[in-house]
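One structure is given below, encoded as structure tokens.
The values are calculated or read from the model by the stated rules, or taken from the named source; none is laboratory data. In this text, all values refer to a predicted model and were calculated from it rather than measured experimentally. In this analysis, Cβ positions are derived from the backbone assuming ideal geometry, glycine residues included, and neighbour counts consider all displayed protein chains.
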């Protein structure tokens, strides 16, 4: 978005509203009471007429052509012409704006801005893109990195660190919303509205005929304020080296306090709302004959006494005379009789208490009511609806399902119903009907037993049965075995046994649960014992460090027992094998740390058979290293800052380590490789950079690079 024109010189030059569409919306810290109410939408520009705080103070948007009391707004395309929407309208403005700046150490500047703002979500003026939000913006320049700074403002406290080197910048926008709903800003840090401490009787704030000010500040003059819900009508920063001088700069804090600056002077902009506005909520007609009927009109406005009227704004002669609405608590209503063969097409709701009067035109539509039901047994959706116009033979249509005949429609069978159905009338009325459900409840997924694939084994071999592939919400497993075969745990999903004499053995698995029981069988063919022949599986290449690796000795012949061990070479890390006495043990491949070896790990499998023979085999697991490269390395002496950028061929989120000199040199910092394969470190260090130095990088996935020259500046 454009910057605000003439935004209070220095203060406004740094309070930029650029980037609203992508502004971070974060939760507030210590929150005040917020605002109490948002007024009706002004039909002339699509923004709320006013916002009210909990004290009853109402402020309106202040975007007049030339109002010296409201200087902060976006520029008009033609500053010499009156404000008009959308052709000559600012791209941003304020209901309330309180801001201040002060000097900090090292020539720095600090800013606080608290605002209730109107703008456009995409930037330029566009009808339908109106948004409002409550903003707290905090900023300091030329500060130390990596330390905390505590901000105390009229809107509460926040503790922040640098967002960029030497800069604290934080923007909190609450309630960005539009499309007619501007209530989100009620939950922000704005509220109650901040005013000059001399409000409401300061002559400089243009008192009205009753002597009450019409503005809460003049928008330009630094002034003491009131209204903070925390009693902190100041802007204070506490943090290392923030005070630009030797004197106590925070007199409101018991002290003296060395690392502290504050001010109690703010510029305040805000104009009291004079109009209440009006919102036309609904206008529906009903009739049973073609000669007359009634129109029900619902409206809302300010809670106080308002003169709200309804008139026929249709072309041609009026179907009824102007009528007053009754009101209470901000709600207004009237039922009006009309004569003639057609109801009024539109009506205008007017708040004649406003100067000039506020008005909102609204279409008069029929009222549609009905019911939608879905039966789970038949899968049929039934829709019934009627119009309040029983004399006009209205056509009703269920969106997505078709036209209702004599007020009803059935559709189906459907696999699943919608949550709601919208029924529209040709007289523009519509209703959203929640779908009511009748019929039987759906049964849970039934359990199905899976006993695993048939197996062929040798006598004396350990055999694992596997029912873990059984589906559904299984509550219990129960295995039955042939006579003489003892299972390790017949109630487990994966029991085991020692293969008996040669023959075919049938095992039965029964699972229980919803829809159960279910039974399946598996046949295990036992052959005569054979001489052991170990098979540790093929060598595994390209394994990623940090990943789980499974070894596989299930191809061994005559194996009654398994025993896996690691053959440790020079520099090899020692791993822990889970299930070392099973056919398929597993381990996690270690991450790289200089000076590790080449990385390949070797494992030995020893199998024994029932005939007493044994056999050995080996398998090697080799990791795949990433390729790392440094693209730039520099040291900034004035900031004592190291910056190293680079890339990795594997964007897996690993944290690379940067060393000064070789891989055994001082660690400068670590950085995580992002999804694009890039990494960057930004650190302030006591390690001093000098000409002729280089950096090296190691990755936990095994990649290394050395000898990249450092540029000192």
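Residue check: is residue 664 touching a strand residue (DSSP E or B) at 6+ places or on another chain (Cβ under 6 Å) and in a loop (DSSP other than H, G, I, E, B)?
Numbers: touching a strand residue (DSSP E or B) at 6+ places or on another chain (Cβ under 6 Å): no; in a loop (DSSP other than H, G, I, E, B): yes.
No; evaluated as a whole, the condition is false for this residue.
Limited to the range 235-258, what total is found for residues that are in a loop (DSSP other than H, G, I, E, B) and surrounded by 17 or more Cβ atoms within 10 Å (Cβ to Cβ)? Break it down stepwise before answering.
Of the residues in the range 235-258, the ones in a loop (DSSP other than H, G, I, E, B) are 239-258.
Those still in the list that are surrounded by 17 or more Cβ atoms within 10 Å (Cβ to Cβ) too: 239, 242-243, 249-250, 257.
Of the residues in the range 235-258, 6 are in a loop (DSSP other than H, G, I, E, B) and surrounded by 17 or more Cβ atoms within 10 Å (Cβ to Cβ).
From the list 379, 316, 370, exactly one residue is out of contact with any helix residue (DSSP H, G or I) (no Cβ under 9 Å at 6 or more places or on another chain) and farther than 23 Å from residue 399 by Cα. Which is it? Spell out the reasoning first.
Details: 379 fails: farther than 23 Å from residue 399 by Cα; 370 fails: farther than 23 Å from residue 399 by Cα.
Result of the check over 379, 316, 370: 316.
Taking residue 32 and the conditions (1) surrounded by fewer than 20 Cβ atoms within 10 Å (Cβ to Cβ); (2) in a loop (DSSP other than H, G, I, E, B); (3) modelled with pLDDT under 90, which numbered condition does it fall short on, given that it satisfies the others?
(1)
Pick from the range 622-649 the residues that are farther than 14 Å from residue 705 by Cβ and not in a strand (DSSP E or B): which of them is modelled with the highest pLDDT?
In the first step, residues of the range 622-649 are kept if they are farther than 14 Å from residue 705 by Cβ; the result is 622-624, 634-643.
Pick out the ones that are also not in a strand (DSSP E or B) and you get 624, 637-640.
Numbers: 624: 92, 637: 89, 638: 86, 639: 84, 640: 88.
Selected residue: 624.
Picking from 644, 607, which residue would you name as being in contact with a strand residue (DSSP E or B) (Cβ under 6 Å, 6 or more places away or on another chain), surrounded by 15 or more Cβ atoms within 10 Å (Cβ to Cβ), farther than 30 Å from residue 683 by Cα and touching a residue at least 40 places away in the same chain (Cβ under 8 Å)? Give the steps one after another, and end with the answer.
Values: 644 fails: farther than 30 Å from residue 683 by Cα.
Just a single option satisfies the conditions, and that option is 607.
Just checking, does the range 128-142 include any residue being in a loop (DSSP other than H, G, I, E, B), under 30 Å from residue 640 (Cα atoms) and touching a helix residue (DSSP H, G or I) at 6+ places or on another chain (Cβ under 9 Å)?
Yes: the range 128-142 contains one or more residues that are in a loop (DSSP other than H, G, I, E, B), under 30 Å from residue 640 (Cα atoms) and touching a helix residue (DSSP H, G or I) at 6+ places or on another chain (Cβ under 9 Å).
Against the condition farther than 20 Å from residue 597 by Cα, under 39 Å from the mean Cα position of the chain (by Cα) and not in a loop (DSSP other than H, G, I, E, B), how does residue 680 come out, does it pass? Don't jump to the end; show me each part of the working.
On the way: farther than 20 Å from residue 597 by Cα: yes; under 39 Å from the mean Cα position of the chain (by Cα): yes; not in a loop (DSSP other than H, G, I, E, B): yes.
Considered against the rule, which asks whether it is farther than 20 Å from residue 597 by Cα, under 39 Å from the mean Cα position of the chain (by Cα) and not in a loop (DSSP other than H, G, I, E, B), residue 680 comes out as yes.
What is the residue count in the range 315-345 for residues that are without any contact (Cβ under 8 Å) to a residue 40 or more places away in the chain and either surrounded by fewer than 16 Cβ atoms within 10 Å (Cβ to Cβ) or within 22 Å of residue 290 (Cα to Cα) (or both)?
Of the residues in the range 315-345, 16 are without any contact (Cβ under 8 Å) to a residue 40 or more places away in the chain and either surrounded by fewer than 16 Cβ atoms within 10 Å (Cβ to Cβ) or within 22 Å of residue 290 (Cα to Cα) (or both).
Considering only the range 206-219, I want to know if a residue exists there that is surrounded by 15 or more Cβ atoms within 10 Å (Cβ to Cβ), in contact (Cβ under 8 Å) with a residue 40 or more places away in the chain and not in a strand (DSSP E or B).
Going residue by residue through the range 206-219, those that are surrounded by 15 or more Cβ atoms within 10 Å (Cβ to Cβ) are 207, 213, 215-219.
Next cut, in contact (Cβ under 8 Å) with a residue 40 or more places away in the chain only: 213, 215-219.
Add one more test, that the residue is not in a strand (DSSP E or B), and what stays is 219.
Yes, the range 206-219 contains at least one residue that is surrounded by 15 or more Cβ atoms within 10 Å (Cβ to Cβ), in contact (Cβ under 8 Å) with a residue 40 or more places away in the chain and not in a strand (DSSP E or B).
Within the range 298-311, count every residue that is surrounded by fewer than 23 Cβ atoms within 10 Å (Cβ to Cβ) and in a strand (DSSP E or B).
To start, the set of residues in the range 298-311 that are surrounded by fewer than 23 Cβ atoms within 10 Å (Cβ to Cβ) comprises 298, 300, 303-307, 309, 311.
Those still in the list that are in a strand (DSSP E or B) too: 298, 300, 309, 311.
Within the range 298-311, residues that are surrounded by fewer than 23 Cβ atoms within 10 Å (Cβ to Cβ) and in a strand (DSSP E or B) number 4.
Would you confirm whether any residue within the range 564-572 is modelled with pLDDT of 95 or more, under 49 Å from the mean Cα position of the chain (by Cα), under 16 Å from residue 619 (Cα atoms) and not in a strand (DSSP E or B)?
No, that holds for no residue.
Conditions (1) in contact with a helix residue (DSSP H, G or I) (Cβ under 8 Å, 6 or more places away or on another chain); (2) assigned by TED's automatic domain parsing to the domain that holds residue 213; (3) at pLDDT 95 or above; (4) not in a strand (DSSP E or B), marked per residue:
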{"position": "68", "(1), (2), (3), (4)": "no, yes, no, yes"}
{"position": "75", "(1), (2), (3), (4)": "no, yes, no, yes"}
{"position": "82", "(1), (2), (3), (4)": "no, yes, no, yes"}
{"position": "95", "(1), (2), (3), (4)": "no, yes, yes, no"}
{"position": "103", "(1), (2), (3), (4)": "no, yes, no, no"}
{"position": "111", "(1), (2), (3), (4)": "yes, yes, yes, no"}
{"position": "115", "(1), (2), (3), (4)": "no, yes, yes, no"}
{"position": "124", "(1), (2), (3), (4)": "no, yes, no, yes"}
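Across the range 149-166, what is the number of residues that are at pLDDT below 90 and either under 21 Å from residue 99 (Cβ atoms) or not assigned by TED's automatic domain parsing to the domain that holds residue 113 (or both)?
1
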